[in-house]
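The values are calculated or read from the model by the stated rules, or taken from the named source; none is laboratory data. What you are looking at is a predicted structure, and each value in this text was computed from that prediction instead of being measured. Note that each Cβ is placed from the backbone with ideal geometry, even for glycine, and that neighbours are counted across all protein chains shown. Areas reflect the complete protein model, heavy atoms only, side chains present, ligands, DNA and RNA absent. Shrake-Rupley method; radii C 1.70, N 1.55, O 1.52, S 1.80 Å.
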Amino acid sequence: MDKPLLSDNIVDAVVDYKGRQVLRSNKGGWKSAYFIIGMEVAERFAYYGISVNLITYLTAPLGQSTATAAENVNGLGLLTLSALLPSLSTADFIHPNKIMLHSTHQLQVILFFLSLYLVAVGQGGHKPCVQAFGADQFDGLDPEECKAKSSFFNWWYFGICGSAAVTKLVICYVQENLSWGLGFGIPCVLMVVGLGVFLLGTRTYRYSVKEDEKSPFVRIGRVFVAAVKNWQRTTPLAIIIEEEAHVTLPHHNSEQFKFLNKALLFPDGSKEEGNICSVSDIEEAKTVLRLVPIWVTSLAYAVVHSQITTFFTKQGATMDRTIFPAFEIPAASLQSFVGLSIILVIPIYDRIFVPIARAFTRKPSGITMLQRIGIGMLFSAIGIVVAALVEMKRLKTAEEYGLVDMPDVTIPMSAWWLLPQYVLSGIADVFTVVGLQEFFYDQVPIELRSVGLALYISIFGVGSFLSSFLVSVIEEVFGRDGKNSWFADNLNRAHLDYFYWLLAGLSAAALAPYM
């Protein structure tokens, strides 16, 4: 009886750190995922400790203009050293000879930009891979581990959002009121701690085994090339091969992107072993192609998402943010309500909503990944509509109190009016962002999972670019001849509400084809 039990306990296609077969009971699973999530919590704390308040550092200690600083924001240890150099220069390098002070400042700037480039390179290699590695600790073919894998994406996002919320509340205060060196040094130390936590889990991790010698890029690329070459071929052999595809592939898969089935036919009409693409190669190509419409229709969500750190904050800066006498919450700190709402909603989603939904749908994740993404898109659209309504209320209040031409005067309207749009943004993230992470991981070949997550990340990169493009076009069209544009410096004469209504329309326009 021992051998069958041992065989059933072996996880296929993975090995441990010494290349040995992995037993389900002692490698991978949550015991490994905790190390990876812990490391990521520290990494996100370090990243947000740098990025959230970076523009203030550039315009204050480094003395850059606002425009130049904004360009340079778009990127650890060296960053801490560059922040410490101003204190070194004032303490040890004050000298009648100003050349020494100037050279110290130049060294500070050089170290700063070198550190940003290192951060950018590190992010490019780290971010798409670490989440895929964490999800690989669960076997998707095992019913219980399949449930755990879906739950992993929830708790992964819970961890990084909690870390980001603490960073925005604590590190920004340290940087602006105590020391920039300390403010960058704390994230640096935590990043070292995070690396240590990750390495502690080395003996527990599962490592995927590469089954095919050919690169997945080569396999998928060959399918598209062969399909193009056979575009107009309708020989009897091609028809027979397409019938084979119907038998081998599920009916839906064989009918979808049917033109790729022609990759089964070699251009000279032969069907020798090794000369044609396999059915599995074609299915991989179709899988990647299926991501395209999801990627495109998710861009509107990403455009709305990018407003949280820009125009939402601008709204809050004009409103009454007094918590108690003599204390006013910074406008940027309002962003923490997105993270706090995520921290509150994820446990409810994972522990209450999913089990209830699972009882009805019989699906391990409760609802499908695409349903989850769509629900989040709906919440996002509602959130931007609420933002437009609040902005209309803010403009009306400014007009009623005669403050339209007094942009530096606080409008007598509580910043708590903004809370619904921040909370709705957080709820939308719980559904759409986590759903996209899981979908782009799950729907690609095993060897391409980190690439799939990179594609997910690119949605938000392109979305931010599209947001900037929209703002530029609107500014050019409505800001000519000295007229107040939608984004006038005097926000009381601007029309952010128009922009929000436009984004609401774009969200609806994207949601319809997505459905």
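The table below gives the values:
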quantity	calculated
Options Ser425, Ser450: the member that is closer than 18 Å to Thr310 by Cβ and hydroxyl-bearing (Ser, Thr, Tyr)	Ser425
Check on Gln108, surrounded by 22 or more Cβ atoms within 10 Å (Cβ to Cβ) and either modelled with pLDDT under 75 or not in a helix (DSSP H, G or I) (or both)	no
Matching entry among Ser333, Ser280 (being at pLDDT below 90, part of a helix (DSSP H, G or I), crowded, with 16+ Cβ neighbours inside 10 Å and of a type in the set (Gly, Ala, Ser))	Ser333
Gln307 over 23 Å from the mean Cα position of the chain (by Cα), polar (S, T, N, Q), outside any strand (DSSP E or B) and modelled with pLDDT of 85 or more	no
Check on Asp429, open to solvent by less than 60 Å² (accessible area, probe 1.4 Å) and either hydrophobic (A, V, I, L, M, F, W, C) or under 27 Å from the mean Cα position of the chain (by Cα) (or both)	yes
For Val52: the one exception among (1) at pLDDT 85 or above; (2) surrounded by 18 or more Cβ atoms within 10 Å (Cβ to Cβ)	(1)
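One line per residue, one yes/no per condition, for (1) at pLDDT below 90; (2) open to solvent by less than 30 Å² (accessible area, probe 1.4 Å); (3) over 25 Å from Leu291 (Cβ atoms):
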residue: Phe353; (1), (2), (3): no, no, yes
residue: Ile356; (1), (2), (3): no, no, yes
residue: Thr361; (1), (2), (3): yes, no, no
residue: Pro364; (1), (2), (3): yes, no, no
residue: Thr368; (1), (2), (3): no, no, no
residue: Ile373; (1), (2), (3): no, yes, no
residue: Ala381; (1), (2), (3): no, yes, no
